[in-house]
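> First the structure, which I've put down as C-alpha cells, then a few questions once you've had a look.
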Amino acid sequence: MSDVDVLYARVDSPLGPVLLVGRAGADGRTVLASVSLPGQKGGAEPADGWRLAPEAFTEVAGQLDEYFAGRREQFDVPFAQSGTEFQRRVWKALEAIPYGTTVTYGDIARQVGSSGAGVRAVGTAIGRNPLLVVRPCHRVIGADGALRGYAAGLERKERLLALEGGPR
C-alpha cells in the first residue's frame, strides 16, 4: 500500500481515540489495515501522504460503537492482508475466539501447530496484531489465568474483557 493510497480517521472510544487506517477496496468498502490506540506499542501514526477521510471509515466506526455499547460481538469488515504466514495463522485463530471467552497463549500455539517453545513465537505474533479490538487479541491470557501483554496496555485489556463479561 503506497502512502498516497492510505486513508485514515480517528474515532472516539471508551479506550481513547482510535486511529483507523486503510485503503479503498474495489467494492467500495474500506479495507482496514490498522486499528491503533494512543500509546500502543507498535501502533500506527499518520504519515505524510496519508489522507484524512472519516467518511471512508463509517462502517467500522459504527461497528466499534456497537461493540463498545455491548450490541456487537464480532466485526464484519474487510481486512488488508499483512504479516508473515505464521502471523496470519495466529491472527486467524484470534478471530475464532468467541466473544466473552478467553483462551491461553498455549491454546493458540497448539491450534496453529506451534506448542512448547512456540508459545513465545505465538505471543510475539499476537503482539504484532495490527487490528486491536477488531481482531480480539485481548481474549488471550496466561496459562495461570493472569493477564499477559497487550500492546495498548493491560488496563485496556482488562476493560475489554470486562466489557465482554469475560473472566476478568
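The values are calculated or read from the model by the stated rules, or taken from the named source; none is laboratory data. Note that the structure is a prediction, hence the values are computed from the model and not measured. All accessible areas refer to the heavy atoms of the entire protein, side chains included, with ligands and DNA or RNA removed. Shrake-Rupley method; radii C 1.70, N 1.55, O 1.52, S 1.80 Å.
> Just report the Cα centroid separation between the stretch 14-72 and the stretch 97-168, whole Å.
21
> Please report the carbon-and-sulfur percent of the accessible area for the chain; probe 1.4 Å, protein heavy atoms only, DNA, RNA and ligands left out.
49
> How much accessible area per residue does the chain have, counting only protein heavy atoms and a probe of 1.4 Å, in square angstrom?
Result: 50 Å² of accessible area for each residue.
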